[in-house]
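All remarks here apply to the structure that follows.
The values are calculated or read from the model by the stated rules, or taken from the named source; none is laboratory data. If you're wondering where the values come from, they're calculated on a predicted model, not measured in any experiment. A quick note on method: Cβ atoms are made from the backbone with ideal geometry, for glycine too, and the neighbour counts reach across all protein chains shown. Heads up: the accessible areas ignore ligands, DNA and RNA and are worked out on the full protein's heavy atoms, side chains in. Shrake-Rupley method; radii C 1.70, N 1.55, O 1.52, S 1.80 Å.
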Amino acid sequence: MAQDPKFTAREITQIGWYTARMAKRGIAGENVHLGDLQKKVDRIIDGARDREAQQAADQAEAEKAARKTRAKNTKK
């Protein structure tokens, strides 16, 4: 399984809320459908992974721009 990303406070709260709802439904019985809530949690986790990947790409781009600027300034 892939490592979970760092979650924002909102994502943690949403996952906690959906987990609590799943637990409440679980009390109702074994045959209660939890798939919709599990999909919502999976979507939150996927969104966090996408956000983290985008942040890493943005940071790499910013570092590249900074190196380019430093190289340009040292030539003068």
Report, to the nearest whole %, how much of the accessible area of the chain belongs to carbon and sulfur atoms, 1.4 Å probe, protein only.
-> 54
In degrees, nearest 10, range 0 to 90: what is the angle between the Cα axis of helix 35-75 and the longest Cα principal axis of the chain?
-> 10
Ordered by packing density, taken as the mean number of other Cβ atoms within 10 Å over each peptide's residues, highest first, how do 13-19, 57-63 rank?
-> 13-19, 57-63
Please compute P(r) over all alpha-carbon pairs of the chain, binned at 10 Å starting from zero, and give each bin as a whole-number percent.
-> 16, 30, 21, 14, 10, 6, 3, 0
Per residue solvent-accessible surface (Å²) - the chain, probe of 1.4 Å = 85
